[in-house]
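Asks: Encoded as structure tokens, here's the structure I'll be asking about.
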Amino acid sequence: MLTKKHHTVVLGSGAAGLAAALRLRAEGIDDVCIVTEGLTMGTSINTGSDKQTYYKLGICGRDLDSPYSLAESLRGSSAHGDIALVEAVNSVRAFSNLVNLGVPFPRDGYGQFAGYKTDHDPLRRATSCGPYTSRDMCRALIKEVKVRNIPVFENRIAVKLVTVSGRAAGLVAIHANADKNDMFEYYMAENVVFAVGGPGGLYDCSVYPVVHTGAIGLALQIGAEAASLPESQYGLASIKYRWNVSGTYMQVLPKFISTDADGSNPREFLREYFDNVGTMNSMVFLKGYQWPFDTRKIPDGSSIIDILVYEETAIRGRRVWLDFRDNPEGFDFASLSEEARTYLEKSGAAFGNPLERLLHMNPGAVELYKEHGIDLATEPLEIAVCSQHNNGGLSGNIWYESTNIGHLFPIGEVNGSHGVTRPGGSALNAGQVGAFRSAEYIAAKYAGRTLDETTAAAEAAKIVAAFEEQASRPAARSFREERAEFQSRMSTFGSHIRDRRKIEGAAKDAWNQYRRLVADGAAGKTVRETAEIFRNQQLCYAHAVYLDAIKFQMESGVGSRGSAMVVDPNGTAIHPKLGPEWRFQKEDASFREKQLITVAEKGSRWIPCRPIPESDDWFENVWADFRNKKIYEKR
């Protein structure tokens, strides 16, 4: 086992992790490194949408905004007010840093950053660089990381977090390009900034990039508290190339068709569920900016589209496509809702077919697919309802330190700060704010050397010895077979359609698979394959913990909320043409002021959400607390 010692290790190289490494250097922590599978293998650099949004405080024109007002929007449901305030007030600082690094956010001749409304946003706080906002962020941050000569260790797959006396002490990783006898490395560290992204590897129907799997399971395995794990977002996405079909993709009103598995027998399946074609197309239009599946928008809202796509694919076994080459049968601009018709008219797009409208309003959205081998002018686009973002994650305080594991700082999507109804684009802001806050706290409170290195080295050696023994025996099944099993289970039982009658059996099966993975051998044909087998352990563990949390939430009687619908034979009917299996349990709104906390294998509990604090903003008092470093006592 090779041991590398650093003051602070950043695990992950998405936009949050890269920003954290840079901020640590800026705050005076020189001995920092990044451990990653690869600088081009995270979610941030590989995802986007038709117009990927960055959400921040409004700073343009006559629009009136304030940190407190933004915090109210960020808090939404089942989120803490103090963390919402932190993400609100620091949004401009983090945004300005990206602008200064060269991220091309659009501005007018006076330097104002114009905004637009996004989902769950009462004002015009959103901005965008286009389809690849987070990629632009990563490229600018990577460039600066190289300028600052921050060490980056690529081709590393983390397989265990090391703890000593309840605090983080680094991590064990497999160097995927190393010789089999030297594949394990221990990164000993005072602090671990945990920037591993969302749980992309848990789902079979997923819009997370294929190269991103996530690693929240590593923190769950050491008993880190998690918050709001059941609160994920799901929505329509293409599956040949994984991409959200939100925004303009829906607003140009493509034709929805379904086919048999072999692509034959095409039909426009939506039409049979609507009284007239105008209502149908108006609902499709609304999916543009009501993109995530939202239980508040069923049965009479746009989320019925997601239900009908799921019914066609998961239940009937057919495939669903968006065809931009032709208008839906019976299409007529005059039959659209006033909102849809006015939008298209003001955009100068009340003409032609969907592709022509898309090329007029957002040509980059067409070019994006062409860059990935899909020509919307010659072929339809296959879609499904996919997992897109985990609003929950690990529980952190206002400095983004884990609430129960010291020196561990979960930032980015792996931090569960959002609750149920986050505004679109707020995740990009949260990751940058988390980078600033964690770096500042580490520099202020954890800059010294307090780790018992002898004990930490012994703990790491024990972990590696157990892994080496397991790696001496061949795996019973391929890592792809094992991964397909838990991904299928998670998409079936822990995705946007949830059934209390089935979740207990699914959770038991999940834990049985995990125990088998730990007992089986882990040797693959190559070091990389062996690393994937070990990765399956933390992924499988994570999906078991998620299913347990979902089970607890359903048993608590929360009902349907956010992007998860709980089926109930005695509940509310979704649509007269859908069977009784599509009745659902309505939300119990009393849980909006509670947050679900989960500790793996110890269970879940509800805690009250903290309100947005009314802070003392008298300058002399703030200045005194800042000089005396009392601000770091708030946690």
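Asks: Within the set of pairs 6 or more residues apart or between chains, which connect a residue that is touching a residue at least 24 places away in the same chain (Cβ under 8 Å) inside region 131-147 to a residue that is assigned to a loop (DSSP other than H, G, I, E, B) and of a type in the set (D, E, K, R) with Cβ atoms less than 7 Å apart?
Replies: Pro131/Asp50; Pro131/Lys51
Asks: Only one of (1) under 22 Å from the mean Cα position of the chain (by Cα); (2) more than 30 Å from Glu459 (Cα to Cα); (3) not basic (Lys, Arg) fails for Phe113. Which number is that?
Replies: In the conditions (1) under 22 Å from the mean Cα position of the chain (by Cα); (2) more than 30 Å from Glu459 (Cα to Cα); (3) not basic (Lys, Arg), Phe113 misses (1) alone.
Asks: Within the set of pairs 6 or more residues apart or between chains, which connect a residue that is under 16 Å from Gly76 (Cβ atoms) inside region 570-593 to a residue that is aromatic (Phe, Trp, Tyr) and surrounded by 12 or more Cβ atoms within 10 Å (Cβ to Cβ) with Cβ atoms less than 8 Å apart?
Replies: Sorted first by the residue in region 570-593, then by its partner, the pairs are Phe591/Trp606.
Asks: Of the residues Ser134, Ser165, which is among the polar types (S, T, N, Q) and either under 19 Å from Gln487 (Cα atoms) or buried (at least 20 other Cβ atoms within 10 Å of the Cβ) (or both)? Lay out the reasoning, then the answer.
Replies: On the way: Ser165 fails: either under 19 Å from Gln487 (Cα atoms) or buried (at least 20 other Cβ atoms within 10 Å of the Cβ) (or both).
Step by step, each of Ser134, Ser165 is checked, and only Ser134 is among the polar types (S, T, N, Q) and either under 19 Å from Gln487 (Cα atoms) or buried (at least 20 other Cβ atoms within 10 Å of the Cβ) (or both).
Asks: Has region 430-452 got at least one residue that is open to solvent by 60 Å² or more (accessible area, probe 1.4 Å) and more than 30 Å from Leu141 (Cβ to Cβ)?
Replies: yes
Asks: Just checking, which of Phe194, Phe184, Phe153 is more than 30 Å from Val99 (Cα to Cα) and either modelled with pLDDT under 95 or out of contact with any Lys or Arg (no Cβ under 6 Å at 6 or more places or on another chain) (or both)?
Replies: Result of the check over Phe194, Phe184, Phe153: Phe184.
Asks: Name the single residue, out of those in region 459-490 being within 30 Å of Asn397 (Cα to Cα) and not charged (D, E, K, R), that is surrounded by the most Cβ atoms within 10 Å (Cβ to Cβ).
Replies: The initial filter retains those residues of region 459-490 that are within 30 Å of Asn397 (Cα to Cα), namely 459-460, 463, 490.
With not charged (D, E, K, R) added as a condition, the list becomes 460, 463, 490.
On the way: Ala460: 24, Ile463: 19, Met490: 28.
That would be Met490.
Asks: Output the residues belonging to region 1-59 that are over 19 Å from Pro410 (Cβ atoms), open to solvent by 30 Å² or more (accessible area, probe 1.4 Å) and acidic (Asp, Glu).
Replies: Asp30, Asp31
Asks: Given the conditions (1) touching a residue at least 12 places away in the same chain (Cβ under 8 Å); (2) acidic (Asp, Glu); (3) open to solvent by 40 Å² or more (accessible area, probe 1.4 Å), which single one is not true for Glu614?
Replies: (1)
Asks: Can you work out which of the residues in region 80-96 that are open to solvent by 10 Å² or more (accessible area, probe 1.4 Å) and among the charged types (D, E, K, R) is nearest to Glu614 (Cα to Cα)?
Replies: Asp82
Asks: Looking at region 545-566, is at least one residue outside any loop (DSSP other than H, G, I, E, B) and open to solvent by 100 Å² or more (accessible area, probe 1.4 Å)?
Replies: Initially, region 545-566 is screened for residues outside any loop (DSSP other than H, G, I, E, B), giving 545-556, 561, 564-566.
Keeping just the survivors that are open to solvent by 100 Å² or more (accessible area, probe 1.4 Å) gives none.
Within region 545-566 (the criterion being outside any loop (DSSP other than H, G, I, E, B) and open to solvent by 100 Å² or more (accessible area, probe 1.4 Å)), the answer is no, since none of the residues qualifies.
Asks: List every residue pair whose Cβ atoms lie under 7 Å apart, where the two residues are 6 or more positions apart in sequence or sit on different chains, the first residue falls within region 264-281 and is at positive phi, and the second residue, located anywhere, is open to solvent by less than 80 Å² (accessible area, probe 1.4 Å).
Replies: Between residues of region 264-281 that are at positive phi and residues that are open to solvent by less than 80 Å² (accessible area, probe 1.4 Å), the close pairs are Asn265/Thr259.
Asks: Select from region 122-153 the residues that are over 20 Å from Thr47 (Cβ atoms) and of a type outside the set (A, V, I, L, M) and list them in ascending order.
Replies: Pro122, Arg124, Arg125, Glu144, Lys146, Arg148, Asn149, Pro151, Phe153
Asks: How many residues does region 252-273 hold that are buried (at least 18 other Cβ atoms within 10 Å of the Cβ) and either at pLDDT below 95 or of a type in the set (Ser, Thr, Tyr) (or both)? Walk me through it before giving the result.
Replies: Taking region 252-273 first, the residues buried (at least 18 other Cβ atoms within 10 Å of the Cβ) are 252-259, 269-270, 273.
If we keep only those that are either at pLDDT below 95 or of a type in the set (Ser, Thr, Tyr) (or both) too, we end up with 258-259, 273.
Qualifying residue count for the region: 3.
Asks: Determine whether region 288-298 contains at least one residue that is assigned to a loop (DSSP other than H, G, I, E, B) and on the phi > 0 side of the Ramachandran plot.
Replies: Keep residues of region 288-298 that are assigned to a loop (DSSP other than H, G, I, E, B), which gives 288-294, 298.
Narrowing the set further to residues that are on the phi > 0 side of the Ramachandran plot leaves none.
Checking region 288-298: not a single residue is assigned to a loop (DSSP other than H, G, I, E, B) and on the phi > 0 side of the Ramachandran plot.
Asks: Please go through region 570-591 and give me each residue that is more than 28 Å from Arg271 (Cβ to Cβ) and exposed (fewer than 13 other Cβ atoms within 10 Å of the Cβ), ordered by number.
Replies: Asn570, Ala589, Ser590
Asks: Select from region 168-211 the residues that are charged (D, E, K, R) and farther than 21 Å from Asn536 by Cβ and write down the one among them that is surrounded by the most Cβ atoms within 10 Å (Cβ to Cβ). Lay out the reasoning, then the answer.
Replies: As a first pass, look at region 168-211 and keep what is charged (D, E, K, R): 179-180, 182, 185, 190, 204.
Filter again for farther than 21 Å from Asn536 by Cβ, leaving 179, 182, 190.
Numbers: Asp179: 8, Asp182: 11, Glu190: 24.
Among those residues, the one meeting the criterion is Glu190.
Asks: Ok, one more. Can you go through Lys602, Lys594 and tell me which one is surrounded by 14 or more Cβ atoms within 10 Å (Cβ to Cβ) and at pLDDT 95 or above? Give the steps one after another, and end with the answer.
Replies: Numbers: Lys602 fails: surrounded by 14 or more Cβ atoms within 10 Å (Cβ to Cβ).
Among Lys602, Lys594, only Lys594 is surrounded by 14 or more Cβ atoms within 10 Å (Cβ to Cβ) and at pLDDT 95 or above.
Asks: Moving to a separate point now. Can you name every residue in region 109-130 that is of a type outside the set (Lys, Arg), part of a loop (DSSP other than H, G, I, E, B) and touching a residue at least 12 places away in the same chain (Cβ under 8 Å)? Steps first, please.
Replies: Taking region 109-130 as the starting set, the residues that turn out to be of a type outside the set (Lys, Arg) are 109-116, 118-123, 126-130.
Okay, now just the ones that are also part of a loop (DSSP other than H, G, I, E, B), so 109-115, 118-123.
Selection gives Gln112, Phe113, Ala114, Gly115, Thr118, Asp119, His120, Asp121, Pro122, Leu123.
Asks: Return the residue satisfying two criteria in turn: it lies in region 216-251 and is among the hydroxyl-bearing types (Ser, Thr, Tyr) and more than 15 Å from the chain's Cα centre (by Cα), and of such residues it is surrounded by the most Cβ atoms within 10 Å (Cβ to Cβ).
Replies: Tyr249
The values are calculated or read from the model by the stated rules, or taken from the named source; none is laboratory data. Values in this document were obtained by computation on a predicted structure and should not be read as measured data. Cβ coordinates were reconstructed from backbone atoms using ideal geometry, including for glycine residues, and neighbour counts include every protein chain displayed. The accessibility values were calculated without ligands, DNA or RNA, using every heavy atom of the protein model including side chains. Shrake-Rupley method; radii C 1.70, N 1.55, O 1.52, S 1.80 Å.
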